[in-house]
1. Can you list residue pairs whose Cβ atoms sit under 6 Å apart, with the first residue in the stretch 170-188 being under 23 Å from Leu4 (Cβ atoms) and modelled with pLDDT of 95 or more and the second being within 8 Å of the ligand (Cβ to nearest atom) and among the hydrophobic types (A, V, I, L, M, F, W, C)? Count only pairs 6 or more apart in sequence or on different chains.
2. Quick check on my filter: what residues within the stretch 72-111 are within 13 Å of the ligand (Cβ to nearest atom) and in a helix (DSSP H, G or I)?
3. Looking only at the stretch 109-121, decide whether some residue is of a type outside the set (S, T, N, Q), open to solvent by less than 30 Å² (accessible area, probe 1.4 Å), out of contact with any Ser or Thr (no Cβ under 7 Å at 6 or more places or on another chain) and under 30 Å from Leu247 (Cβ atoms).
4. Spot the failing condition for Asn229; the list is (1) more than 16 Å from the ligand (Cβ to nearest atom); (2) over 22 Å from the mean Cα position of the chain (by Cα); (3) in the same structural domain as Asp58 (by TED's automatic domain parsing), and only one is missed.
5. Kindly establish whether Asp224 is closer than 30 Å to Ile19 by Cα and in contact with a Phe, Trp or Tyr (Cβ under 9 Å, 6 or more places away or on another chain).
6. Would you point out which residue out of Thr295, Thr208, Thr275 is surrounded by fewer than 18 Cβ atoms within 10 Å (Cβ to Cβ) and either within 21 Å of the chain's Cα centre (by Cα) or not aliphatic (A, V, I, L, M) (or both)?
7. All but one of (1) within 16 Å of the ligand (Cβ to nearest atom); (2) touching a helix residue (DSSP H, G or I) at 6+ places or on another chain (Cβ under 6 Å) hold for Asp58; state the number of the condition that does not hold.
8. Could you list all residues from the stretch 112-128 that are within 16 Å of the ligand (Cβ to nearest atom) and within 15 Å of Asp100 (Cβ to Cβ)?
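The values are calculated or read from the model by the stated rules, or taken from the named source; none is laboratory data. Bear in mind that the values here come from a model prediction, so they are computed numbers and not experimental data. Every residue, glycine as well, gets a Cβ built from its backbone with ideal geometry; the counts of neighbours run over all protein chains shown. Heads up: the accessible areas ignore ligands, DNA and RNA and are worked out on the full protein's heavy atoms, side chains in. Shrake-Rupley method; radii C 1.70, N 1.55, O 1.52, S 1.80 Å.
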Amino acid sequence: MVDLQSQYAKIKETVNTSIQEVLNTSAYINGPLVKEFQSDLEKYLDVKHVIPCANGTDALQIAMMGLGLEQGDEVITADFTFAATVEVIALLKLTPVLVDVEPDTFNIDINALKKAITPKTKAIVPVHLFGQVANMEAVLEIAEEHNLFVIEDNAQAIGADYTFKNGTKQKAGTIGNVGTTSFFPSKNLGCYGDGGAIFTNDDELAHTLRGIVNHGMYTRYYHDVVGVNSRLDSIQAGVLKAKLPLLDSYCEARRNAARFYNNAFANNPNIITPTTSSCNGICETCNCHVFHQYTLQITNGKRDELHKHLLENDIPNAIYYPIALHSQKAYKDSRYNEDDFPVTNKLIKTVISLPMHTELDNEQLSFITNIINNFL
Ligand SMILES: *Cc1c(COP(=O)(O)O)cnc(C)c1O
């Protein structure tokens with residue numbers, strides 16, 4: 001699904017130099033590279049504050065802690081996403097409220113979101129699934145009307161741009177009150193271990209978050225709030241500092257692969273290719289979808305057969321996600337009604353994700369697309 005070895009081979013010298021710098025100084029925790037990467041990422045995202053932390057799940061948890069959400073507060077998020085999003089809501093004893101997604105973008109459904117709001121609702125967590133930014137204009141309008149926090153789960157869309165109707169652009173993850181990301185190796189900006197970060201333009205919230213990641217300390221050994229220990233270590237920061245200047249070219253490489261796939265499947269009646277919502281098709285200049293995953297919908301009922309056929313031909317592929325969150329044992333709840341999730345319930349049976357990374361070449365893409373088109 002990814003090819004981290006070929007990617008590393010091309011950047012070996014800069015990454016090794018960065019790692020060697022950490023080894024030479026032994027500044028493994030909170031070394032200068034962490035600050036340098038933080039500041040580079042703030043510039044890249046055009047956001048006032050980046051707070052590095054240990055992983056993308058921690059980032060979500062810390063963001064919710066920093067906003068002062070309390071037991072019983074309802075937090076709305078999408079039913080079709082990785083479990084981390086709903087996991088931290090439940091862990092903090094907040095009440096997760098799962099809603100359906102849109103059939104074309106797989107992102108949170110705005111009408112379902114509106115319907116789910118109650119007097120207890122305190123926050124919305126749009127997930128920019130598979131690399132495409134959710135409908136943030138609508139999410140912000142709803143949040144403003146009902147006085148809700150917006151926490152963007154940007155683990156899959158770092159580097160993507162969101163274009164508002166008036167033409168202004170903002171980087172994914174910097175649009176809501178707070179945004180979070182993951183630097184897990186296979187993410188679009190991946191380190192060589194675990195890593196994550198939180199973004200915000202709110203000075204006061206940034207200060208609160210910086211204390212929470214560090215045991216609730218604002219002055220050394222004075223613990224003002226209950227915090228956690230969540231750090232991005234210096235070696236990971238070194239890897240990320242070396243890779244950040246390449247992120248735009250990585251996004252471009254992913255979009256090129258997506259374009260190849262889209263063209264190859266354009267005339268296949270059994271395949272729905274990914275839709276981009278902020279522009280028509282994958283446009284050349286817009287960066288609204290950075291293709292963390294390239295996900296097809298197979299409409300003739302042969303998704304599972306295709307999955308097997310591809311494995312038999314040594315073509316990696318994956319079902320993201322095979323079970324809706326509202327059906328997971330851990331998150332089942334009598335409040336949910338199956339009729340509320342027609343899209344997710346359909347997607348779990350029709351989606352399949354193909355290899356998607358920065359190193360795909362036309363020969364590989366031809367091989368994959370020919371096998372799929374011949375089978376379907
Ligand atoms: C990967 C991911 C996370 C969690 O990131 P980790 O660094 O693995 O903890 C959270 N949300 C989404 C949507 C993800 O894809």
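1. Final answer for the pair search is Thr180/Ala59; Thr180/Leu60; Thr181/Ala155; Ser182/Ala155.
2. Ala84, Thr85, Val86, Glu87, Val88, Ile89, Leu91
3. yes
4. Checking Asn229 against (1) more than 16 Å from the ligand (Cβ to nearest atom); (2) over 22 Å from the mean Cα position of the chain (by Cα); (3) in the same structural domain as Asp58 (by TED's automatic domain parsing), the one that fails is (1).
5. no
6. Thr275
7. Asp58 satisfies all of (1) within 16 Å of the ligand (Cβ to nearest atom); (2) touching a helix residue (DSSP H, G or I) at 6+ places or on another chain (Cβ under 6 Å) except (2).
8. Answer for the stretch 112-128, where residues must be within 16 Å of the ligand (Cβ to nearest atom) and within 15 Å of Asp100 (Cβ to Cβ): Ile124, Val125, Pro126, Val127.
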